[in-house]
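Comments concern the structure below.
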Amino acid sequence: MRKLLKSLGPGLLFAGAAIGVSHLVQSTRAGADFGFGLLWALLLINLVKYPSFQFGTRYAAATGKSLLDGYLGLGKWVLVAYFILSLLTMFTIQTAVTIVTAGLAVALFGIGNVAIWSVVITLICAGILAIGKFKILDHLIKVIIITLTISTVVAVIFAYINYTDVYQISETKGLSFKQVLPTDALGVAFLIAFMGWMPAPLDISVWQSLWTKEKAKTQKITVKNALLDFNIGYVGTVIIGLGFVTLGALVMYGSGETFSSSGSVFAGQLIGMYTASLGDWATVIIGIAAFTTMFSTTITTLDASPRAMEKTAVLLKLPTVLQSYSIWILVLAIGTGGILFFLINEMGTLVQIATVLSFLTAPLYALGNMLLFSDKNIPKEAHLSTSMKVYAWVSIFALVLFSAYYISTLF
């Protein structure tokens, strides 16, 4: 077990980054609003996105390079486009996850407010990364993911026990495993957002390649071991997603309650509903599960975005000041604070823009990641099998259809 934990790292960092708003917020809402009716959507989108995420790990482990190096090989304009898209979304994403984390801290500890906690959490994360950088993040994420998994599983078990004691499945609350396809405007909009951010936007494949490359500096990595690490992290994101859907379905489905669109208010509602349904003891269990979920996302995104921007700046030969990981952490922290204190009323619009960009660029990231494996210099052990190639092309086609459907809903 010690040997296995030591070998893990980038895969758990992927899980830490992915298990956030998409799981805690969207998956819980899916369960609360539709019961188990959207399990098909959660499983389908994870299957569709798997090849594109996996290629980030496979490419880095095989070549010793990140996807950003590969994008430069496809054309400088590809890397420039990535740089611009990241600038348009990184501040919004960081602010969104920080606000939810801060709201959970307020609900869990009962002191302070969202603004103060947002600053404190950002400073703590930035301090951890500035002092220990990847090494401490690599160790910390293992503790966080283990805590998150245990607390989530415990919460699901007690929620199920409580549910079966009070209700009869499929009778009193009408809860069943019948799958549904929303047709009303609000339902369709939610489904799009749910699938778009589950388990994460595809640009995280770039982060995965950078983490894999960083891990290789201190430990020998083979393609086989890297893929095992990634698969453990990826399966973990699916299991935790199912856990939060189950919690939402067992605790909130049919309650008549509606969630606030405010991250801070939502955090209080989330813990409050679990406490009301399961008892006061649930405050600690749910609070720990929710807070570790969002804290892991906050610290991993605060590490990954600056890491990616630093590498992109180096490859594009931008001014030296932009070729610094520390500078980008500072820029991201300041930008997050700026949105928090001056543009908080525009948060909904900013998140919508980030969602649109994630949808429209998903097929492009998937295609780009696939094309990198047409390089004849890719080591033999990393070559894609025929079945994986077919799987990847089907996934790309599915992402194109999802994007086209999303665009149609806008009009």
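Run down 147, 92 and say which single residue is part of a helix (DSSP H, G or I) and within 19 Å of residue 11 (Cβ to Cβ). Testing whether each residue is part of a helix (DSSP H, G or I) and within 19 Å of residue 11 (Cβ to Cβ) leaves just 147.
Condition check ((1) in contact with a strand residue (DSSP E or B) (Cβ under 8 Å, 6 or more places away or on another chain); (2) in contact (Cβ under 8 Å) with a residue 12 or more places away in the chain; (3) over 16 Å from residue 56 (Cβ atoms)) across all residues:
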{"position": "308", "(1), (2), (3)": "no, yes, no"}
{"position": "331", "(1), (2), (3)": "no, yes, yes"}
{"position": "342", "(1), (2), (3)": "no, no, yes"}
{"position": "364", "(1), (2), (3)": "no, no, no"}
{"position": "376", "(1), (2), (3)": "no, no, yes"}
{"position": "386", "(1), (2), (3)": "no, no, yes"}
{"position": "403", "(1), (2), (3)": "no, yes, yes"}
{"position": "409", "(1), (2), (3)": "no, yes, yes"}
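Filtered by the rule that a residue be part of a loop (DSSP other than H, G, I, E, B) and acidic (Asp, Glu), segment 179-235 gives 184, 203.
Hey, among 65, 135, 49, which residue is basic (Lys, Arg), out of contact with any Asp or Glu (no Cβ under 6 Å at 6 or more places or on another chain) and not in a helix (DSSP H, G or I)?
On the way: 135 fails: not in a helix (DSSP H, G or I); 49 fails: not in a helix (DSSP H, G or I).
Just a single option satisfies the conditions, and that option is 65.
Quick check on my filter: what residues within segment 252-264 are modelled with pLDDT of 70 or more and either part of a helix (DSSP H, G or I) or under 18 Å from residue 153 (Cα atoms) (or both)? Before you say what the answer is, go through the steps one by one.
First, pick out the residues of segment 252-264 that are modelled with pLDDT of 70 or more: 252-253.
Result: 252, single match.
Taken over segment 114-127, the criterion of being within 20 Å of residue 20 (Cβ to Cβ) and either exposed (fewer than 14 other Cβ atoms within 10 Å of the Cβ) or modelled with pLDDT of 85 or more (or both) is satisfied by 117, 118, 119, 120, 121, 122, 123, 124, 125, 126. The numbered conditions (1) in contact with a Ser or Thr (Cβ under 6 Å, 6 or more places away or on another chain); (2) polar (S, T, N, Q); (3) modelled with pLDDT of 85 or more are all true for residue 292 except (3). Only residues that are modelled with pLDDT under 90, assigned to a helix (DSSP H, G or I) and within 15 Å of the chain's Cα centre (by Cα) were counted across segment 13-46, and they come to 14.
The values are calculated or read from the model by the stated rules, or taken from the named source; none is laboratory data. Since the model is a prediction, treat every value here as computed from it, not as a measurement. Note: ideal-geometry Cβ built from the backbone for every residue, glycine included; neighbour counts use all protein chains shown.
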